[in-house]
Amino acid sequence: MTPRHRTWRRSSLWRRDRGRRRSDRLVAQVLEPRHAPAIFGVPSLVADIRPGAQGSILQTTSSVGPKADAVLVAGAVALFVAEDRVHGLELWRNGGPAAGTFLVHDIRKGPSGSVPAALFAVGGVAFFSADDGLHGRELWRTDGTPGGTSMVANIATDSGDPADPDTLSSDPRTLAAVDGQVFFTATRPDAGTELWVSDGTPAGTRMVIDLAPGQASGLSTFNQAAVPFGGGLLFAGDDGLRGRELWRTDGSAAGTVPVADVRVGPGGSNPTELTPVGGFVLFAADDGAAGTELWRTDGIDTFLVNNIALDGSDVPTSSFPTGLTRFGDRVVFAADDGVHGREVWVSDGTAVGTALVKDIDESSSGGVPSGSFPARFTVGPAGDRGVAVVYFTAFTAVTGTELWRTDGSVAGTVLVRDVAPGSAGSRPEGLLVAGGTLVFSAERVAGERTLWQSAGDEASTNEFLIGPQSSGAEAEALVAASDRLYFAISDANASGTAATFGREPWQVPYRAGPSDTSPPAVAIAVTPTTLKATTTATVTFEISETGTTFSAAAVTVSGGVLAGFGGDPDGRRFHATFIPDEGFDGLGKIAVAPGAFSDAAGNVNTVGVERTLRIDTVPPGVVAAGPVPSGRYRAGDVITFSVTWSENVVVKGVPFVALTIGTTGRRAYYAGGS
């Protein structure tokens, strides 16, 4: 830089001034195509396993999700529970049109059937409970073949000897799979209901720990809260001292320890809705002070995320979070804050990131807000903006219970289609994704539950057509393979009389429709773009779509650091503060490189964006002073000399320079300069 001279003889302050320029801003407009629905072929009957009006697949009652027992193993073989007139309810299979449909194994001879239940797939094997008539209801496994189907272990026996036949049942209920092993609850007369683990062999099946010693139960058949986390299992358990609280285990008794005593004392906080989100788990619990609210743990630190239903009274008021469903780095769920009724909420695991998404039903009764009672949250295919959304059912006084979707924003939370116009609603159930399309059952006509498909908008939400008739009745999606959807259906009318066939398994081939191929884009705005030692810049990142992986890790900076990085609830705008480095004089940069983040469809950003900042945090300094004319000076004489600074300075006020003449201190005041 070129030194500049100033003439000094009076005092004050000076400042640097390089001027300001308007911040540049890239405005990216990306047209986001709607994810096209899957292209379905012609449905066909898998097999008329039980000819006649009754059908082979029974309807069971369930408040959420698919109602019949069906599962997919090895990604291709569909297992489902059905009965013919000979064998009773047993396990059947279909591996596609060429493989045929047949009974896997007649576990309980005769018409009673073993009634397989709680099918749980782990790779190429399915675990389930069944009663063979000799050992009671115990844990079984199958690979979909007769020879590969066997009882894993006879856990509950009168004598304690697993080899003894008896009719006691351990009633196993699978919780989760971790590293190829299955954790489940089982009941034994001497130990109550406790946590068990199995690798699928008798020798590898054992109780993890008798959490509540003796005949008391450490785990509940009603609260089955458990999730894989941190290489082990996080679960709700009661050791008889703390009440039902959060525990974690590595599969050994020594490695089973309490995580947190959320509600001190024997009452227990009864944790439910355990949902992993990255490096932590969100769950609902009651600490006795705030009521049942949203909590968070990483297995070490556990704390209340947000007291949603805080009303200021001394009596705990619960928001009762339910239906927690991971959606990117957030969860959506239903909760009641006491103001809006039970509505859709979203949380990123922080207090500020927990918010009401939308007050869907604003009606009230007797001054009490009604709420839309959202349920059946399902992460589904893209909506009309080409980004992933969460589908759910919600009620309004005008439409009844219908299908909705949300991307976590107010504007992105909409009714998909009013399938049954009027206040009764179509009551969608069994939401399931197949080939980029949401499949569900609904009652367009009261009493006739038919199968529907949707790609997230009204135009693509339609009934399946089976042959020349409508989609039949008592319809229910069972399970989706990579190239076909299995469902159960009959042609019963509203009166329940089947004209041709009862509820039987059907299949329909499909191929995925055109997917979202548009890369996400980012725009960076910086204000101001000229910084000195005492200033910072506000940085805003705007993403072209929601549901991306954009985070602070996608951003590179030079000449400073980013602090306070955070995003809005809709995931489309992020904010940070740029703090310049000390002693830096030059151009700083804030950049997002190509390939730094991706969208929900897996497309990566292909265009990099960079913003520059003019930064000078180096204070000006004196590089030369003088010359001072030689001679003798009296008190009151004026000495004029020049001071050369390291860079351009702007004088403000009357600055001075301290001098020492001999042993006497003096001040030289600024007079002028250029």
Among residues of segment 601-620, those that are open to solvent by less than 80 Å² (accessible area, probe 1.4 Å) and either within 16 Å of Gly673 (Cβ to Cβ) or among the hydrophobic types (A, V, I, L, M, F, W, C) (or both), counted: 7
Hits in segment 493-523 - residues which are modelled with pLDDT under 85, open to solvent by 20 Å² or more (accessible area, probe 1.4 Å) and either under 32 Å from the mean Cα position of the chain (by Cα) or not hydrophobic (A, V, I, L, M, F, W, C) (or both): Asn493, Ser495, Gly496, Thr497, Thr500, Tyr510, Arg511, Ala512, Pro514, Ser515, Thr517, Ser518
So Pro162, is it at pLDDT below 90, more than 29 Å from Pro213 (Cβ to Cβ) and open to solvent by 60 Å² or more (accessible area, probe 1.4 Å): no
2 or more residues surrounded by fewer than 23 Cβ atoms within 10 Å (Cβ to Cβ) and free of Cβ contacts under 8 Å to residues at least 24 places away in the same chain: qualifying strands (runs of 3 or more DSSP E) within segment 388-443: 414-417
Exclusive hit being crowded, with 21+ Cβ neighbours inside 10 Å, closer than 23 Å to Val410 by Cα, among the small types (Gly, Ala, Ser) and modelled with pLDDT of 75 or more, set Ser551, Ser544, Ser490: Ser544
Residue list for segment 202-255, restricted to those being under 19 Å from Asp190 (Cβ atoms) and under 28 Å from the mean Cα position of the chain (by Cα): Leu219, Ser220, Thr221, Gly237, Asp238
Selected residue (only one of Gly251, Gly288, Gly265 is in a loop (DSSP other than H, G, I, E, B), farther than 24 Å from Ala335 by Cβ and free of Cβ contacts under 8 Å to residues at least 40 places away in the same chain): Gly265
Odd one out for Arg326, checked against (1) more than 14 Å from Ala394 (Cα to Cα); (2) part of a loop (DSSP other than H, G, I, E, B); (3) open to solvent by 50 Å² or more (accessible area, probe 1.4 Å): (2)
Enumeration of residues in segment 69-100 that are assigned to a loop (DSSP other than H, G, I, E, B), surrounded by 18 or more Cβ atoms within 10 Å (Cβ to Cβ) and either in contact with a Gly (Cβ under 9 Å, 6 or more places away or on another chain) or modelled with pLDDT of 90 or more (or both): His87
Counted residues, segment 258-294 - those being touching a Phe, Trp or Tyr at 6+ places or on another chain (Cβ under 7 Å) and among the charged types (D, E, K, R): 1
Subset of segment 222-243 (residues that are within 24 Å of Phe377 (Cβ to Cβ) and in contact (Cβ under 8 Å) with a residue 12 or more places away in the chain): Asn223, Gln224, Ala225, Ala226, Val227, Pro228, Phe229, Leu233, Leu234, Phe235, Ala236
Arg632 being open to solvent by 60 Å² or more (accessible area, probe 1.4 Å), modelled with pLDDT of 80 or more and among the basic types (Lys, Arg): no
Which listed residue, of Thr325, Thr350, is within 24 Å of Thr275 (Cα to Cα) and touching a residue at least 60 places away in the same chain (Cβ under 8 Å): Thr325
In segment 291-300, residue least open to solvent (accessible area, probe 1.4 Å) [restricted to those that are in a strand (DSSP E or B) and within 14 Å of Ala260 (Cβ to Cβ)]: Thr297
All positions within segment 390-440 that are closer than 14 Å to Ser460 by Cα and among the polar types (S, T, N, Q): Thr437
Count - residues of segment 635-670 that are touching a strand residue (DSSP E or B) at 6+ places or on another chain (Cβ under 8 Å), over 30 Å from Phe584 (Cβ atoms) and open to solvent by 80 Å² or more (accessible area, probe 1.4 Å): 3
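Residues checked against (1) surrounded by fewer than 23 Cβ atoms within 10 Å (Cβ to Cβ); (2) modelled with pLDDT of 95 or more; (3) touching a helix residue (DSSP H, G or I) at 6+ places or on another chain (Cβ under 6 Å); (4) under 30 Å from Val344 (Cβ atoms):
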| residue | (1), (2), (3), (4) |
| --- | --- |
| Gln215 | yes, no, no, no |
| Gln224 | yes, no, no, yes |
| Val227 | yes, no, no, yes |
| Leu233 | no, no, no, yes |
| Leu246 | no, yes, no, yes |
| Ala253 | yes, yes, no, no |
| Val264 | yes, no, no, no |
| Val277 | yes, no, no, yes |
| Ala289 | yes, no, no, yes |
Filter result (of a type in the set (S, T, N, Q), under 36 Å from the mean Cα position of the chain (by Cα) and within 18 Å of Val618 (Cβ to Cβ)) within segment 524-537: Thr536
Unmet requirement for Ser114, which otherwise passes all of (1) of a type in the set (S, T, N, Q); (2) in contact with a Lys or Arg (Cβ under 6 Å, 6 or more places away or on another chain); (3) open to solvent by 20 Å² or more (accessible area, probe 1.4 Å): (3)
Every residue from segment 611-641 that is free of Cβ contacts under 8 Å to residues at least 40 places away in the same chain and either among the basic types (Lys, Arg) or closer than 30 Å to Ser544 by Cα (or both): Arg632, Arg634
Pick from segment 445-454, criterion surrounded by 15 or more Cβ atoms within 10 Å (Cβ to Cβ) and out of contact with any Ser or Thr (no Cβ under 6 Å at 6 or more places or on another chain), ranking: modelled with the highest pLDDT: Trp452
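The values are calculated or read from the model by the stated rules, or taken from the named source; none is laboratory data. Since this is a predicted model, take the numbers as computed values, not measurements. Here the Cβ is made from the backbone with ideal geometry for all residues, glycine too, and neighbour counts use every protein chain on show. To get the accessible areas, we keep the full protein, side chains included, count just its heavy atoms, and leave off ligands, DNA and RNA. Shrake-Rupley method; radii C 1.70, N 1.55, O 1.52, S 1.80 Å.
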